[in-house]
1. How far, in degrees from 0 to 90, does helix A:237-247 lean away from the longest principal axis of the Cα atoms of chain A, to the nearest 10?
2. How much area per residue is accessible in chain A when the probe is 1.4 Å and only protein heavy atoms are counted (Å²)?
3. Give me the summed buried accessible area for the A-B pair, 1.4 Å probe, to the nearest 100 Å².
4. Taking all protein chains as present, what is the carbon and sulfur share of the accessible area of the range A:61-164, in % to the nearest whole number, probe 1.4 Å?
5. Report the chymotrypsin sites (Phe, Trp or Tyr not before Pro) located in the range A:227-257 that are in a DSSP loop and have at most 14 other Cβ atoms inside 10 Å of their Cβ, or state none.
6. What part of the accessible area of the range A:205-338, given as a whole %, is carbon or sulfur when the probe is 1.4 angstrom?
7. Relative to the longest principal axis of the C-alpha atoms of chain A, give the angle of the C-alpha long axis of helix A:126-136, reported between 0 and 90° and rounded to the nearest 10°.
8. Using just the helices of chain A, give the 222 nm mean residue ellipticity in deg cm²/dmol: DSSP H runs with n ≥ 4 each add -39,500 (n - 2.57), and the total is spread over all residues, rounded to 500.
Amino acid sequence: MNLITESFDYISAQSSASILSLFALVIIFEIPRYLALFLVAAFFERPRQQPLDVSFRRSVAVIVAGHNEAESFPRCVDSLMEQSRPPDQIIAFSDGSTDGTPQVLRDLLAKGKIHNAMWTDLRGGKSAGFNICQRMATCDLIVNIDCDCSLDRDAIRRIVEPFDDPEIGGVAGNIQVRNADASLIAACQAIEYMITISLGKQAALVFDQVTCASGGYSAFRRSALEQIGGNDAGGGEDLDATLRLRAYGWKIGFRSDSVCYTDVPDTVAALVRQRFRWERDAVRLRFRKYSYAMNPFHPQFRVSELAHQLEFLIFNILGASILPFYIVWLFYQFGSHAFVILLSVKILLMIIDFYVFILAAMCTPHVNSLKLFPFILAYNFYNGLFMRCVRLAAYVDEWIFKSSYKDSYVPQKVHDVRGG
Amino acid sequence: MGNNIAHISGSPSGGRAAEPLHVLIVEDSPVTQDVLKEMLRAAGHKVHLAGDGRSALKAMNAENFDVVLIDYHMPHMHGSEVVREFVGQKGEGSSPIFGAITADPAAILNDREQIRFFHTVFAKPFEFEEVLSFVESVRAGKSSDAAIAARSGAESAAVLPLSSEEKEAEREIAVDATPEAESLLDQDELARRLNALMPGSAFFESLEQSDDGAASTSSDDPLEIIRQLRPGAQKALEDMLASLVPGSENLSQIKDVQQEENGAAQQVTQVEEPAETDRPPAIETQKDLTDRLDALMPVAREGSFPAEQANAVPAGDEGTDAPEEDAEAEVGPADYSRAVLIAEDSPVTQDILKLLLSSSGYEVDVAQDGTEALKMIKAKNYFVALMDYNMPGLNGTEVIKHCLEEISGRALPIFAAMTAEPSAVLADKYGEKFSKIFAKPFNFDEVRAYIEEVAESVLGGVANDGAAITAGVLAPAAAPTVNLKEYSADVARGLESYGVSARVLRWPEDIGPAGFSVAARQYMAAGSDFDAVLISERATVHDLRHLWTLGDLHLLPIIDETGQLGPKADVSIPSLPRGVVGRLLEGTMQEFREARQSVHIEVRQSKETSEKLAASIYVRKRVLTPEYSAENALGFTYDCAQEDEEILSAVTNLTEQKLLQRKFFDRFHVCNGCQSTHLNVREECFECRSPNLSETTLVHHFRCAYQGPLQDFQQGSDLVCPKCSRELRHFGVDYDKPGIVINCGACGASSSDAAVGFKCLSCGQHTDGEMIRTRDVFQYELTEKGVAFIEEGPIVIGGGQKQLKFAELPLELVIELNKSAREFTETSRPFCLMSIGYPDRRALTSEHGFRLVEVSRSQMVENLRNYFGDQAITHQGTDYDYILVNRLAVENCRANIETYNEVALSGLKIDLNPRIASFGPEELFG
Ligand SMILES: [Zn+2]
Ligand SMILES: [Zn+2]
Ligand SMILES: [Zn+2]
């Protein structure tokens, strides 16, 4: 207690400039992002829900892809058949599955539950699979869904509504966590998904900054996909495609009321592996493939693209990278008082989290957020420390070892040829 | 008992204008009422109905009737009581003419008190024509001013205490029809004359026998003579007498005879001596005799001509009490004059004779062997018995011998023999008892002609033909027609070209699409067999269906010279090397012959398609095998010359009965529209069901993730990515081929897989692979039970549940049953017949040996007899044993069947597993 009292005495003795520097991390990396953006998002008018017939104005194809998902396919297809706006075409793709998935698809095909089935004997990666399916689709819109996902009854109806706007090339769905009960780490991810997707993308939408129509669940205009030549090789194909669509001038929408549930990793190891992949792919795509977006002299340079690049650079990369320096600086500067300072930072962040969570819950219809409430404390450590460390490690890894090129998620043969 | 009295047979009303009669029908059966009423109305009479005696009396008091027909047994009041009361009130003079209707004529006839009121008695079931004739005769009498008419018939004439005027009147009627002087003829005289008329005639065989019998003295009794005749003979006699004997006789004598008959004592007579032939024919009033004989006719028609009643009886023994009516009397044919017995062990000959004789209107029964024939002759009156001389059990003459020894006092059938060795028959001591011998191969037409001849002569015109028949009695049959002989030779030459001598039924000469040729029928009817069926021109199984209709022809091997029958033939000659044909044919025929002989006779004779098929499978190595066949819409065909649809329905049946077991053969896809299996199987587009599919390899360009069909990449000999325009240089390095894609040429859809669809070649219908129906086809093999069924007959299937057939019961048991039945009717003393079957007998026999099983069986029956004591009468048969237990109700029997079972098996070394079924009076006689 001594330490805390002393520390408080010490802090209160600082000048306001010093205090500001003390909480710089919070002030710079948390408050603007959450407080400002989310506040806007929460009170900005959300897209209006349309009558059902609007969703039928354009035909919809759904591509269900999976690797060794023999059990998931029938379940996913059934949830598609249950839609208030059922798809006009269902294309199932098994990417080199070895667990009898082709037989499952054959049966689904025979029963007439799906319209096309494709499978390969060799794994070719998600992009290649999506590409061939995309060409089989004959509909105006293509909804892309992982076969381990399941949809709300209204999901497809809502996700296709924004396409009434001819400028919209793709719409991201609101992916939420189905297995929040599985573990603490899963519950934290559930909160994370609520905040970053329901709230974050909603906020991004306001500023036309939606950058990732997730591969788990999103919809695209077929003509737009054809224009960008489908997916490119390598991981992070969803981000890749979205960035390319943006590059071609398409607007990307988001529907918080088009909810899709997916299972998240329920162990730290699995989560770390997943995030390493995501973060590496993001770095690779943003700062290698699409680095031109930050070059004002590049012909394709646009401010809107620069904005989300900077946002990512500042809040994700810098936010993560600065953490160790900040902590070292705290201890160097304040010695033992650093603990107390960190603690107070944490308390501050927790208050922010609490507030943000409420905003996110407001932005996420149809999802029971209350059960996640007790996990906010854990989420604070998860997001503030753990994820930052993971990200940092991932960035370092990518920066130094270019690991995204060896990702097991993409077959080695693809990595081998893709080069830089 | 000869009982009821019919009419005067002269034509009704003799051309005079018909005057309607008032007829009262007193009858409690509405059906009989209605039919009689309708019939008599149609004949122009006024008919009134009364349901019982009281209303009849009321009606008779209110109105004058010419004729009253009364049911003798009515509730409340007997027919005779009605009449007595009426006559008592009004006096006989003004009575109508009464006729009695009864199912039990003996009851009336035995009661003089009653009978005297009735002018005639109709025994149920009577023919309505008799009634009509009776009424007509009354009308005739009336219109010629006769007081009372139709005092015809033996009994009534004998009974009625007629006044002389009445007698006079009656004669007048008779004279009216045939106006001749009457004369009396005593019975001895009649008998002598009859014998003189027809010396040696088969009709008089029994009469002749009794003539010589020590105990018999009644052979001179004309009524006896007449009664011993078969109905046909009676008719013949009637006609004969009508033409020969003028005058009349004292009718009362006939009644006396009737009385004697009723008091008959059983007697066995055995005679071999010929009849007297030296008596001169007498002259009688033709009409009178005609009338009397006519009166007998209904007896014959109803067939109630029981052995006991007809027994020889000392003449003049009037005082004998009326005997109880033995129920055995009821075992008689419906129409004796048409009943023919065939005793023959070849099913084919049986069938064809039965077929042809039945189609000529005869009632044909078939006996498998001599023993059965004897049993059947004992149980039923036959008019002709056509017997194979060589039969298992008793041979033909032994049957006759037994008949002569064991049946007395009633007519025996005319015996005709069928034999391949006439000389053997003639050499036999009893051979001469055959009226006719047909030497095999005989011409069936001869048999038919002979039977028709006998029938005709029996039914009329015997005077001339009798001698001719008699003459033929001992003579061997005339040689078969040249045709048949030639035919037999032809048949035997069928396989000559293969160096094999065998009698073959040839397609299309002998069996054609329409059936069998006349010659083949005659040949088979003559008792000749075939060894095989020879197909020398294209034939379908449908064409050969007739093989399954006649006897056991379906068990003959089918030799196919055309090769068209494929697996349906047993030997397909074109597929054989020339050198082995003869040997193979002989071997096959031998195998079939042996197998055929192992088939139980009842199975060989079965008319059940499934049983025929089972037998066919048995002789054909016990397996029914399907083979692929493009010619058959089913896609397969069974190696059995029956239509496959028939086979399929039959095998289901047999498999259910566990006679066959099945083994999977193949699964056929069947058109939903027309059931054809002739389908084009194709890979189709899932979208549009077009088979216009092309399969191409998928190419995956790693660099840009483009994945598409090979043709997207092909530029000349190079592979160039359509997305990134890079050249694909190195398989496995910058691209690979991860799978295939199927493109539809019709709708452009692509997929990794194709659907399967079926297009019917027969009707054009398309069916998706998921929707197509399938049919599993099996090979069938006879089970052990199936083999047992074939070899041992239907007992294997039926077990205890088999319906009890009287014909199967031994005579002694039938007699006992009848006694019990009468007791039951009269005193309600219950009885119960138990039949004991042994479904496991075959298995037991093979396990423990025949002797032990049979001994155990005997012991078991003995156990039961001891248990039931005096009340039980047991009988051991071949397949079943029987126990008749008096004073035991069938319900009690069923309730205690477990106990009986225990008792039966106590002390036995082996478990016979008997199946006891019980039958009460209702089941047996109801
Ligand atoms: Zn068809
Ligand atoms: Zn390429
Ligand atoms: Zn097609």
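The values are calculated or read from the model by the stated rules, or taken from the named source; none is laboratory data. Everything numeric in this text was worked out from a predicted model, so none of it was measured. Please note: Cβ atoms are built from the backbone with ideal geometry, for glycine as well, and neighbour counts cover all protein chains shown. Only protein heavy atoms, including side chains, enter the accessible area calculation; ligands, DNA and RNA are left aside. Shrake-Rupley method; radii C 1.70, N 1.55, O 1.52, S 1.80 Å.
1. The answer is roughly 90 degrees.
2. Value for chain A: 40 Å² per residue.
3. It comes to approximately 2200 Å² buried between A and B.
4. Solvent-exposed carbon and sulfur of the range A:61-164 make up 45 percent of the total.
5. Taking the range A:227-257 and a limit of 14 other Cβ atoms within 10 Å, the loop chymotrypsin sites (Phe, Trp or Tyr not before Pro) found are A:Tyr248.
6. 63
7. Tilt relative to chain A: about 40 degrees.
8. Mean residue ellipticity, 222 nm, calculated: -14500 deg cm²/dmol.
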